[in-house]
Amino acid sequence: MIAENRRRGGLGRAVVELVEKDILRDGSITLILSGVQINNTSAIAFWTTMGYRIAGGPELMPDTTTVYRLQKNVAHSRHVEQ
């Protein structure tokens, strides 16, 4: 999570892109999974913009939050710099 006073400046996008780039170095990974609380519409919009889609949920978590399961198919993203 990005601190509220640091949002909308590209930091979240940069972090996700860096993590995805690292994940894609493993040529066997074809799907990235994440989750977002169902009441966090800004986060849902962010993840959707990043190419993720809601793949499941809502699901009640042990901490009593309710989340959507997100996923991004990265099988087509093998052109990442090594």
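The values are calculated or read from the model by the stated rules, or taken from the named source; none is laboratory data. Just so it is clear, the structure is predicted and the values come from calculations on it, not from any experiment. Every residue, glycine as well, gets a Cβ built from its backbone with ideal geometry; the counts of neighbours run over all protein chains shown.
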Margin query: With free of Cβ contacts under 8 Å to residues at least 12 places away in the same chain, part of a loop (DSSP other than H, G, I, E, B) and exposed (fewer than 13 other Cβ atoms within 10 Å of the Cβ) as the only criterion, which of Asp22, Asp26 stands out?
Written below: Asp26
Check: Among the candidates Ile44, Ile32, which residue alone is within 25 Å of Asp63 (Cα to Cα) and in contact with an Asp or Glu (Cβ under 8 Å, 6 or more places away or on another chain)?
Finding: Ile32
Notebook entry, point to check: Among all residue pairs at least 6 apart or on different chains, which show Cβ distances below 9 Å where the first residue, located in the stretch 32-43, is at pLDDT below 95 and the second is outside any strand (DSSP E or B) and among the basic types (Lys, Arg)?
Noted result: Ser42/Arg7
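Results for (1) of a type outside the set (S, T, N, Q); (2) touching a helix residue (DSSP H, G or I) at 6+ places or on another chain (Cβ under 9 Å), shown as yes or no for each residue.
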position	(1), (2)
Gly10	yes, no
Ile23	yes, no
Asp26	yes, no
Leu31	yes, no
Ser34	no, yes
Gln37	no, yes
Ser42	no, no
Trp47	yes, yes
Gly56	yes, no
Next item on the list: Among the numbered conditions (1) surrounded by fewer than 16 Cβ atoms within 10 Å (Cβ to Cβ); (2) outside any strand (DSSP E or B), tell me where Ala55 comes up short.
Entry: (2)
Note to self: Please go through the stretch 62-82 and give me each residue that is at pLDDT 95 or above and aliphatic (A, V, I, L, M), ordered by number.
What the structure shows: Val67, Leu70
Check: If you go through the stretch 48-67 one residue at a time, how many are of a type outside the set (D, E, K, R) and closer than 20 Å to Thr30 by Cα?
Finding: 8
